[in-house]
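Below: one structure, written as structure tokens.
Since every read-out is calculated from the coordinates, none of them should be taken as a lab result. Quick caveat, the model's predicted, so the values are computed rather than measured. Please note: Cβ atoms are built from the backbone with ideal geometry, for glycine as well, and neighbour counts cover all protein chains shown.
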Amino acid sequence: DGNDNFNSLQATLNRRFTRGFLWQTNYSWGHAIVDASTGSGTSVSFENMSCRACDRSNSPADVSQTLAMNGIYELPFGHGKQFLGGGGLASQIFGGWELMGIATARTGLPVNITMSRKAAALPDGNTSGQRPNLVPGVSIYAANPSINGWFNPAAFALPANGTWGNLGRYAAFGPGNYEIDTTLQKRFRVSEKLALNLRASAYNLLNHPQFANPSGSLGSLTGSAPVSAGFGKIITTLNTGAVGSGAPRRIEFML
């Protein structure tokens, strides 16, 4: 059982389809807070089993800011348009084209910084869900965050025996993401009742990588290798498949 709450501010700006142009923008700021399960059958491990409130934190699915924009633009060529409206071959070739696009962007998802501890070092012997101490005045992020090192290992320290770590759950954030999808299409009138559509679409037009979260596992913070070799590294993308949001650039032609 657990407590979840979500608050948001949502704003929308629309331009109705006028003179061949439509534009829509949607922005949301939100904050999702949980102290245990996030729902949908997920489970959670408390740092201190007798203090659920101590794990009150950002939700693993918390996205602080999201922006989505889309538009349609009828290119000003051909019959009834500003240019080449007099007919002829050029009007047939360049007229009737529409350019459409969707752009989305969001801030990063929370990352839970965890570590391994021995049962004897903890007040209740519970080793699951353990977190380190936060070193005062030291940034948890690397000076230049990258896929090879997103966090600063020097910001975390081993708690004293008999105490729990003071770093909050899901206190860090991974990289944000953005994607631009575009479509260019033309409609050819064959007869009064028949038309032919030619369309070219580019998804993730800029082929921008959509990185997943970095690893938040520190390891034991003891021994010759105090920090896990994979800590702070990003080794995968949001979508490893061939299609869908976050996939590499894909170009489609349709008739």
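Structure above, values below:
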| read-out | value |
| --- | --- |
| Nearest-0.05 FRET efficiency for L13 and R56, computed from C-beta distance (R0 41 Å) | 0.75 |
| The stretch 202-255: relative contact order in percent, alpha carbon pairs under 8 Å with at least 6 residues between | 46 |
| Selected from A155, N213, A229, residue furthest toward positive end of dipole (the stretch 111-255; charges at beta carbon) | N213 |
| The chain - mean residue ellipticity at 222 nm from DSSP helices (-39,500 (n - 2.57) per run, n ≥ 4, rounded to 500) | -500 deg cm²/dmol |
| Normalised contact order of the stretch 118-179, rounded percent, pairs of Cα under 8 Å and 6 or more residues apart | 38 |
| Spacing of the two label points (7 Å from each Cα toward its C-beta) at A171 and S128, in nm | 2.3 |
| Fully extended contour minus Cα-Cα distance, from M69 to T163, at 0.36 nm per residue | 29.0 nm |
| Mean shadow area of the chain over all directions, Cα convex hull, nm² | 19.2 |
| Relative contact order %, the stretch 1-160, counting alpha carbon pairs below 8 Å whose residues are six or more apart | 17 |
| Radius, Kirkwood style, for the stretch 156-255 when every pair of distinct Cα atoms is counted (Å) | 18.0 |
| Rh (Kirkwood; distinct C-alpha pairs) - the stretch 108-216, Å | 18.0 |
| Sorted peptide list for 8-19, 229-240, criterion being average Cβ within 10 angstrom, highest first | 229-240, 8-19 |
| 3J(HN,Hα) from dihedral phi, the stretch 186-202, Karplus parametrisation 6.51/-1.76/1.60, rounded to Hz, x for glycine, proline | 9, 10, 9, 7, 8, 8, 4, 10, 10, 9, 10, 9, 10, 9, 10, 10, 10 |
| Along each principal axis, Cα extent of the stretch 52-180, largest first, Å | 86, 31, 21 |
| Dipole-positive endmost among T66, I113, G101 within the chain (Cβ charges, Cα centre) | G101 |
